[in-house]
Amino acid sequence: MNQFYKKLATACLLLSMSFSILALEIGKSAPEFSLPNIASTTLSSLSDYRGQVIYLDFWASWCPPCRTSFPLLEALYKKHNKAGFVVVAINIDEEIEGMERFLTLYPASFDILRDPEGEWADTYAIEAMPTSFIIDKSGMIRHIHSGFAKSDIVEIETKITELLAEGL
Amino acid sequence: MSLINRLSLAALALPGIVAEDAYAGRVDETFSTDFQYAHYEESNDRMEVDVFNLTAVAPIGKNFTASLDLVRDTMSGASPVLNVKDGQGNVQQFLSSASITDERDALNASLSYAFDDVDLSIGGGVSDENDYFSGHVNAGVSWALNKKLTTLNLTGSVAFDEITATGRPEINETKTSQKYLLGVTQILNKDSLIQSNMTFAYHNGYLSDPYKRVYIEDTATQVNDARPGNKFQWAWLTRYVHHFKAANKAALHADYRLYIDDWGVDAHTVELSWFQPIADGWQIVPRFRYYTQDKADFYQATFTSSNLGAIHSSDYRLAGFGSIGAGIKLTKSFLMSGFVKEVKLQAAFDYNDRKASYQIGGDNSGSFDDYSFYMVTASINARF
Amino acid sequence: MKKNKIKIISLVLILAAVSACTPVKPWERGNLALSQMALDADGQEAAFRQHTFYSKESASGGYGGHGGGCGCN
């Protein structure tokens with residue numbers, strides 16, 4: 001009887017485990033996404049940002065660390081944008097209202113794209129919310145960051161300035 | 001090697017599974033303060049309690065969270081002392097005089113540390129009133145597995161109590177308790193989760209109620225409440241939560257708890273609540289509760305010299321009875337992005353009716369210790 | 001007899017849970033993150049209710065533990 005319970009418990013654990021075979025690593029090319037931009041009717045692709053240092057952020061309105069990150073990313077974006085830095089925030093809220101309510105409280109001037117089906121979150125093998133990727137001017141992933149705490153912005157800014165100093 | 005261990009090793013061997021920079025830390029970096037006022041009142045001019053509760057939680061650095069909780073209870077009113085039999089052989093409950101006001105103060109503090117998937121916490125507290133002092137310490141660990149879809153919880157606590165009694169100077173007793181919880185919370189799918197916990201409690205020492213007595217019919221005398229010197233309690237609580245997107249994102253909470261102790265009491269508890277969001281930031285939550293318990297082995301409404309024994313109690317809380325309750329709660333949440341991130345206002349009203357006849361499978365000993373009570377709570381919660 | 005009843009109840013619960021199990025991706029936890037889906041949305045009220053009920057009834061215990069929610073870092 002005890003063996004049977006053990007097997008049932010592991011069955012549930014197994015069913016809820018999922019492994020991304022195509023996990024991303026530092027040093028790999030960032031997958032080329034193409035998603036609708038909330039500010040326009042056209043799609044935005046990763047290649048649109050080639051030549052700039054990109055902070056690619058997968059976020060949702062229901063994620064508390066995202067509320068911490070937005071004002072800090074907005075400040076960082078404004079500070080380094082002229083030097084060739086962009087923030088691309090991919091929102092994975094299933095419903096657009098959640099995202100819109102969030103943006104009224106935490107407005108952003110950087111690009112916000114919509115991935116409600118989570119298709120690109122899957123391709124980028126997101127393991128936790130939020131997850132961000134720092135991508136260099138040639139489109140290579142240089143840093144992966146899981147979660148967000150206020151103090152993280154310091155390390156992020158250091159990495160960004162390093163990459164901005166690199167050539168193409 | 002067990003199946004689970006073999007699979008874990010296999011996973012590590014799969015190509016491309018790379019540990020990202022493990023960023024430890026807790027989720028919420030906000031400070032919070034909560035203040036609640038609660039009022040409890042029984043029928044027939046029995047007990048009344050006012051409770052004031054203040055809680056503050058603060059993040060410290062990237063991984064620590066500290067919390068402080070203060071409670072002040074003020075109790076007044078009559079409580080049952082024993083049951084007697086009148087001339088017609090009917091049982092009547094006899095209450096103490098309703099003149100004393102009793103105050104209880106409690107303080108609890110805790111500190112927790114968040115790793116990536118593991119959360120550790122320690123805490124302690126004291127509770128003090130004129131005839132009862134309790135101090136406790138506790139520790140707990142929470143382990144998130146499976147991309148945080150499964151959480152294992154283990155907690156333990158130890159309490160030491162000192163008991164005296166107004167009007168009974170001979171009472172100078174102690175009691176120690178240990179409690180353990182082992183549980184799992186499992187996300188079932190995008191819309192539902194289940195939690196199942198087992199708790200074990202061991203009590204040793206003075207477990208009687210110094211203010212209660214039992215009535216011996218044939219001699220028309222009274223003796224003090226006398227319970228065993230130890231008690232073992234086991235409870236198994238299962239909680240299920242389900243999201244109903246179509247009902248404006250409502251949520252159903254359904255709980256069932258099975259309770260068994262070695263004093264002969266078996267009890268079942270069922271609680272249902274429906275969280276209904278309405279308009280902007282408002283939620284209305286109707287709830288229902290049903291409780292049934294069996295009487296303790298040594299409980300009787302009244303005794304005779306022949307069945308008194310060394311252990312005996314007529315405490316209405318050890319009798320066989322059921323309790324049906326219903327209530328409603330209203331909450332309003334204001335979300336902001338300034339210094340204050342959220343303010344929440346909550347108010348609730350609940351009514352409970354306790355009757356011997358509501359017990360499932362009981363022998364319905366009569367309505368002499370039936371009563372009802374209502375609870376009102378109001379609170380304000382702020383996050384910074 | 002009681003032990004067998006408990007085993008049957010637990011078996012039914014586990015089977016029901018297992019049959020409903022589907023893997024939830026980290027970005028699919030929006031509904032679970034709602035405050036109405038939290039097991040411990042109002043800690044102070046829960047403490048007051050549990051204190052009231054175990055002062056008036058024999059049963060106590062079962063409550064506690066973390067889990068569910070957004071699973072954020």
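The values are calculated or read from the model by the stated rules, or taken from the named source; none is laboratory data. A quick note: this is a predicted structure, and the numbers were derived from the prediction, not measured. Every residue, glycine among them, receives a Cβ derived from its backbone with ideal geometry; neighbour counts consider all protein chains shown.
Being out of contact with any helix residue (DSSP H, G or I) (no Cβ under 9 Å at 6 or more places or on another chain), within 10 Å of chain C (Cβ to nearest Cβ), free of Cβ contacts under 8 Å to residues at least 60 places away in the same chain and in a strand (DSSP E or B) narrows it down to one residue among B:LYS175, B:LYS179; which is it?
Result of the check over B:LYS175, B:LYS179: B:LYS179.
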* Say whether the condition of being surrounded by fewer than 19 Cβ atoms within 10 Å (Cβ to Cβ) and either among the β-branched types (Val, Ile, Thr) or on the phi > 0 side of the Ramachandran plot (or both) is met by at least one residue in region B:244-254. => yes
* Asked: Which members of region B:81-119 meet the condition of being of a type in the set (S, T, N, Q) and either within 30 Å of B:HIS312 (Cα to Cα) or touching a Gly at 6+ places or on another chain (Cβ under 6 Å) (or both)?
  -> B:ASN83, B:GLN88, B:ASN90, B:GLN92, B:GLN93, B:SER96, B:SER97, B:SER99, B:THR101, B:ASN108, B:SER110
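For every residue, the table says whether it meets (1) closer than 25 Å to A:GLU127 by Cα; (2) modelled with pLDDT of 95 or more.
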{"site": "A:LYS28", "(1), (2)": "yes, no"}
{"site": "A:ALA60", "(1), (2)": "yes, yes"}
{"site": "A:THR68", "(1), (2)": "yes, no"}
{"site": "A:HIS80", "(1), (2)": "no, yes"}
{"site": "A:ALA89", "(1), (2)": "yes, yes"}
* Structure fact -> Listed by first then second residue, the pairs whose first member lies in region C:30-51 and is more than 7 Å from every other protein chain (Cβ to nearest Cβ), whose partner is in a helix (DSSP H, G or I), with beta carbons under 9 Å and at least 6 positions apart or on separate chains, are C:ASP40/C:ALA46; C:ALA41/C:SER35
* Asked: Looking at region B:108-115, is at least one residue modelled with pLDDT under 95 and either in a strand (DSSP E or B) or touching a strand residue (DSSP E or B) at 6+ places or on another chain (Cβ under 8 Å) (or both)?
  -> yes
* Quick one: how many residues across region B:189-243 are more than 14 Å from chain C (Cβ to nearest Cβ), on the phi < 0 side of the Ramachandran plot and assigned to a strand (DSSP E or B)? -> 11
* Which listed residue is part of a strand (DSSP E or B) and within 30 Å of B:GLY89 (Cβ to Cβ), from B:TYR351, B:TYR291 -> B:TYR291
* Assuming A:GLU95 fulfils every condition listed in (1) charged (D, E, K, R); (2) buried (at least 18 other Cβ atoms within 10 Å of the Cβ); (3) within 14 Å of chain C (Cβ to nearest Cβ) apart from one, which condition is it? -> (2)
* Just one of the numbered conditions (1) farther than 25 Å from B:ASN352 by Cα; (2) surrounded by 15 or more Cβ atoms within 10 Å (Cβ to Cβ); (3) touching a Lys or Arg at 6+ places or on another chain (Cβ under 8 Å) is not true of B:ASP262; which one? -> (2)
* Could you grab the pairs with beta carbons closer than 8 Å, sequence gap of 6+ or different chains, first residue in region B:40-56 and more than 9 Å from chain C (Cβ to nearest Cβ) and more than 21 Å from B:SER96 (Cβ to Cβ), second one among the aromatic types (Phe, Trp, Tyr) and in a loop (DSSP other than H, G, I, E, B)? => B:ALA56/B:PHE31
* A:THR123: under 27 Å from B:ASP116 (Cβ atoms), within 12 Å of the chain's Cα centre (by Cα) and within 11 Å of chain B (Cβ to nearest Cβ), yes or no? -> no
* **Residue under evaluation B:ARG168, criteria (1) more than 14 Å from chain C (Cβ to nearest Cβ); (2) farther than 24 Å from C:GLY62 by Cα; (3) of a type in the set (Lys, Arg); (4) under 20 Å from the mean Cα position of the chain (by Cα), criterion not met** => (4)
* Checking B:GLU162 against (1) under 22 Å from B:ASN224 (Cα atoms); (2) not in a strand (DSSP E or B), the condition it does not meet -> (2)
* Go through the residues of region B:124-145 one by one and say whether even a single one is over 25 Å from the mean Cα position of the chain (by Cα) and modelled with pLDDT under 90. => no
* Asked: Quick one: would you say B:TYR351 is exposed (fewer than 15 other Cβ atoms within 10 Å of the Cβ) and under 21 Å from the mean Cα position of the chain (by Cα)?
  -> yes
* Asked: Can we say B:THR331 is surrounded by fewer than 22 Cβ atoms within 10 Å (Cβ to Cβ), polar (S, T, N, Q) and assigned to a strand (DSSP E or B)?
  -> no
* Would a scan of region A:37-53 turn up a residue that is within 14 Å of chain C (Cβ to nearest Cβ), at pLDDT 95 or above and surrounded by 13 or more Cβ atoms within 10 Å (Cβ to Cβ)? -> no
